[in-house]
Amino acid sequence: MNGQGRPYICSMQQAKDDLQVRWLKLRILLKEKYGIKPEMDGILFLIGVQELGTGKQEYTKEQKQDLMHIAVCTILAPSGYYKLDGLDEEGWPHFTQLKALPEFQLIEQENFLKDHVLMYFDQFFKEA
């Protein structure tokens, strides 16, 4: 019930369940497209590669970390956490952090990222 004695339309548990269902559907879609059902790190890596635009190739461990950073900045930019400054001479994007990220417990942090990843793919598939 809310503060006015009326029941909530959807509980926090329902919202969490919806997020998990949407997340699973995304992972299944990626499995169909790429043959793997990636976890968060793999999905962030894919977003980073997509944003860099270099396609499939071998990356060093440091480059993989940079690609995941690009992904995090990219997915959080629409919410005002980062802005794209531009590309360096090698074509790698650089971002500026505009505001502090919320402090969450681990599960909340993962759900925060999942929600932003899902928004990214919603936009990506609308444009495709």
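The values are calculated or read from the model by the stated rules, or taken from the named source; none is laboratory data. Here the structure is a predicted model, which is why all the values come from computation and not from measurement. Here Cβ is always computed from backbone atoms with ideal geometry, including for glycine, and neighbour counts include all displayed protein chains.
Table for the structure above
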read-out: Test: residue in the range 39-52 that is exposed (fewer than 15 other Cβ atoms within 10 Å of the Cβ), assigned to a loop (DSSP other than H, G, I, E, B) and modelled with pLDDT of 95 or more; value: no
read-out: Which numbered condition THR96 misses (of (1) assigned to a loop (DSSP other than H, G, I, E, B); (2) surrounded by fewer than 15 Cβ atoms within 10 Å (Cβ to Cβ); (3) among the hydroxyl-bearing types (Ser, Thr, Tyr)); value: (1)
read-out: Residue tally, condition among the aromatic types (Phe, Trp, Tyr), closer than 25 Å to ASP88 by Cβ and in contact (Cβ under 8 Å) with a residue 12 or more places away in the chain, over the range 19-64; value: 1
read-out: Any hit, the range 59-68, residues being of a type in the set (Lys, Arg) and either part of a helix (DSSP H, G or I) or surrounded by 15 or more Cβ atoms within 10 Å (Cβ to Cβ) (or both); value: yes
